[in-house]
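Participant: Take this structure first; my questions come after.
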Amino acid sequence: MSHLPKLIFELSREGKIGCGLNEADVPAEPAVDAELRRGAIADFPQVSEVEIVRHYMALAKLNYSVDAGFYPLGSCTMKYNPKINERLAAAEELQAHPYAPHDLVQGNLEIMARLEEWLVELTGMAGFTLAPAAGAHGEFTGMLVVRRYLQEKGDPRRVVLIPDSAHGTNPASAHFAGYEVREIASSAKGTIGLAELRPHLTPDVAALMMTNPNTLGIFESDIMAVAEALHANGSLLYMDGANLNALLGIVRPGDLGVDVMHINLHKTFSTPHGGGGPGSGPVGVAANLLPYLPVPRVRKGGSGYEVVYADPRSIGRVKNFYGHFLVIVRALAYLMALGRENVGRVAEDAVLNANYVRSQLQGLLDLPYKAPTLHEVVFSDSGLPVKTLDIAKRLLDYGVHPFTIYFPLIVHGAMMIEPTESESKETLDDFIAVMKVILGEARENPELLRQAPTRTPVRRLDETQAARKPVLRWRKGELH
Ligand SMILES: *Cc1c(COP(=O)(O)O)cnc(C)c1O
């Protein structure tokens, strides 16, 4: 059943060796006491140099990446990562010890200060912390800022409102920050307006967390009226701006009445982030919330950049040292390479690409929410003879990474497609052609899709078993 290449465990033969060490010219001195040492490691593979090289090559070739092909994973913004960013992030001059004296790392501090300036300019917020390590960590940090602000005002509140189209991390972050979460149903249009908000807007509402564009890929067009109603109620508006690529250089959340927001540097501003990191989720706030941002804060002083480590009103530290500095380097490099005059083209092309996919597939797939599409489009599997999962698995057979499936939850069998701005029309046409072939197969031979994938190293997995009893280590005879 498996087309996996032969791995070193199967090639192992007693006595094979892949390296040669010279005789030591100093007396042998055991580094670890005998009683602390393990005995011989059982089943440790013994292979030659060429076999171990091929082992790792074979594993590497099983990976899929943005550099290998189209990766339309909705809400994840798997855009191309310019290689110049990697060169800069690897530059020896930027690798500093986090305890290095500030006068020796002025350049690194300037990089952080300049990225903060860019983010302030692009969003219209008053200031940013670059400390949070990911989007969800940014949400948590932002909600702690909200909490501290309301506490200091002597008006602590208990409830955070979250639309049913929000990203799943939002309710988790609000709950972690000590709030009770109340869900608001979106309108038939797929957005939150005053009619949806009003019935929930009680005096104990601390904030509304709104993903914008929301996870249907739709701009929350009533956001200004929503912000006004929240403010009149003494509540704050949190905007999840993880996918700012849809708005970049065109709309500034600060101008819409947003009080707190986070951005995912590892989506909007490139940085490889498949496989879980490293990320960075800077949090921006309006002027009245600035004092509560986490420390450390980099700021320009009389004789260069300084770092403020303690501030009585700050929520304190949320991350060791300065956050993920090299992601910050990549984001600044990405913005500087684009230049101020071109930043808006990111959003224009991201929106154009998503709309091209929508226009080519909307006759073939059900489009439950018809409001204009921004950076991603969400179809449903209604009316199809197969399920979304079957289509996603069949895409693997054609060498395409599937889109996000079954999210957002308010769409039946959701297919959430985010092409990003870095794809050409030719690539999109290939994807659309593959989708048309698959939808044809679904009508003529649905069983083919239910069996898919058939051309991949591993066939369809039992996902329940994989989650409950993951097999993460090779053992003789366990892999079939
Ligand atoms: C990706 C994403 C998040 C979470 O970001 P992580 O870095 O994965 O924690 C939150 N909200 C939205 C809308 C996202 O797309």
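The values are calculated or read from the model by the stated rules, or taken from the named source; none is laboratory data. Here the structure is a predicted model, which is why all the values come from computation and not from measurement. With ideal geometry, Cβ positions are generated from the backbone for all residues, glycine too; neighbour counts draw on all protein chains shown. Note: accessible area is taken over every heavy atom of the protein model, side chains too, but ligands, DNA and RNA are not part of it. Shrake-Rupley method; radii C 1.70, N 1.55, O 1.52, S 1.80 Å.
Participant: Please state the charge dipole magnitude for segment 343-456, taken about the Cα centre, from unit charges on C-beta atoms (+1 on K and R, -1 on D and E), reported in debye and rounded to the nearest 20.
Facilitator: Taking the Cα centre of segment 343-456 as origin, the dipole is about 280 debye.
Participant: In whole percent, what relative contact order does the chain give with Cα contacts below 8 Å and a gap of six or more residues?
Facilitator: Working: 872 pairs, mean separation 89.8, N = 480.
19 percent.
Participant: Still on this structure, please answer the following. Please pull out the direction-averaged projected area of segment 239-354, using the convex hull of its alpha-carbon atoms, in nm² to one decimal place.
Facilitator: Averaging across all directions leaves 9.0 nm² for the Cα convex hull.
Participant: Going from the alpha-carbon gyration tensor of segment 343-456, what semi-axes, largest first and in whole Å, does one get by taking the root of 5 times each eigenvalue?
Facilitator: 24, 16, 12
Participant: When we measure straight from the Cα of Lys469, which aspartates and glutamates land under 18 angstrom away, once same-chain ones fewer than 8 places off are left out?
Facilitator: Counting by Cα, and skipping residues close in sequence, Lys469 has these aspartates and glutamates nearby: Glu478.
Participant: For Lys83, list the lysines whose Cα falls under 17 Å from its own Cα; do not include residues on the same chain fewer than 8 positions away.
Facilitator: Straight-line reach from Lys83, under 17 Å: Lys267.
Participant: If the only charges are +1 at each Lys and Arg Cβ and -1 at each Asp and Glu Cβ, what is the size of the charge dipole of the chain around the Cα centre, to the nearest 20 debye?
Facilitator: In debye, rounded to 20, the chain gives about 700.
Participant: Taking θ as phi - 60°, what are the ³J(HN,Hα) couplings along segment 291-296 by the Karplus curve (6.51, -1.76, 1.60), each to the nearest whole Hz, with x for Gly and Pro?
Facilitator: Whole-Hz 3J(HN,Hα) from phi for segment 291-296: x, 9, 4, x, 9, x.
Participant: Please give every one of the aspartates and glutamates within straight-line cross-link reach of Lys79, meaning a C-alpha to C-alpha distance under 15 Å, and leave out same-chain neighbours fewer than 8 residues apart.
Facilitator: Result set, ordered by chain and number: Asp67, Glu348, Asp349, Glu376, Glu418, Glu421, Glu423.
Participant: So what are the ³J(HN,Hα) numbers for segment 23-28, from phi and the Karplus equation (6.51, -1.76, 1.60; θ = phi - 60°), rounded to whole Hz, Gly and Pro as x?
Facilitator: Using θ = phi - 60°, the values come out as 4, 5, 9, 10, x, 5 Hz.
Participant: Which of the listed residues, Leu428, Ile111, Met209, is farthest toward the dipole's positive end in the chain, when Lys, Arg count +1 and Asp, Glu count -1 at the beta-carbon?
Facilitator: Met209
Participant: Within 10 Å, count the other beta carbons around each residue, average over each peptide in 240-247, 214-221, and list them highest first.
Facilitator: 240-247, 214-221
Participant: If you don't mind, there's one more thing I want to ask. Cα-Cα pairs above 13 Å in segment 8-61: how many percent?
Facilitator: Tail of the P(r) past 13 Å holds 71 percent of the pairs.
Participant: Another question about this same structure. So for segment 96-338, what percent of the C-alpha to C-alpha distances run longer than 22 Å?
Facilitator: 50 percent
Participant: For Ser48, project a label point 7 Å along Cα to C-beta. Then give me every residue of segment 8-23 with its amide nitrogen under 18 Å of that point.
Facilitator: 8-21
Participant: When Lys and Arg each count +1 and Asp and Glu each count -1, what net charge do the other residues less than 11 Å away from Tyr179, Cβ to Cβ, add up to? Don't jump to the answer; show the numbers that get you there.
Facilitator: Working: positive: Arg147, Arg157, Arg158, Arg182; negative: Glu180, Asp204.
Computed value for this residue: +2.
Participant: Check each of the GluC sites (Glu not before Pro) in segment 404-480 and keep only those in coil by DSSP with at most 11 other C-beta atoms within 10 angstrom; list them in order. Don't skip to the end; give the middle numbers.
Facilitator: On the way: sites: Glu421, Glu423, Glu426, Glu441, Glu444, Glu447, Glu463, Glu478; in loops: Glu421, Glu423, Glu478.
Sites meeting the loop and neighbour criteria: Glu478.
Participant: According to a simple spin-label model (label point 7 Å from Cα along Cα-to-Cβ), what is the distance in nm between Arg473 and Ala337?
Facilitator: Calculated label separation equals 4.1 nm.
Participant: Still on this structure: So what's the net charge close to Leu396: Lys and Arg +1, Asp and Glu -1, counting the other residues with Cβ under 12 Å from its Cβ?
Facilitator: For residues surrounding Leu396, the net value is +3.
Participant: Sticking with this structure for a sec: Cα atoms only, segment 11-165: Rg and Dmax in Å?
Facilitator: That works out to 26.3, 74 Å for Rg and Dmax.
Participant: What is the percent carbon and sulfur in the accessible area of segment 1-115, measuring with a 1.4 Å probe over the protein chains and ignoring ligands?
Facilitator: On the way: 4870 of 8560 Å².
That share works out to 57 percent.
Participant: Using just the Cα positions, wrap the chain in a convex hull and report its mean projected area in square nanometres, one decimal place.
Facilitator: Directional mean of the projected Cα hull area for the chain stands at 29.2 nm².
Participant: What is the Cα coordinate range of segment 202-267 on the first, second and third principal axes, sorted by size from largest, in whole angstrom?
Facilitator: 35, 21, 20
Participant: Still on this structure, I have one more. Do you know the relative contact order of segment 111-235, to the nearest whole percent, from alpha carbon pairs under 8 angstrom that are 6+ apart?
Facilitator: That works out to 23 percent.
Participant: Same structure, new question: For segment 96-338, what does the relative contact order come out to in percent, with C-alpha contacts under 8 Å and a separation of six or more?
Facilitator: Worked out over segment 96-338, it gives 27 percent.
Participant: Let me ask another. Please give the charge dipole size of segment 357-404, origin at the Cα centre, charges +1 on K and R Cβ atoms and -1 on D and E Cβ atoms. Round to the nearest 20 debye.
Facilitator: So the magnitude is around 40 debye.
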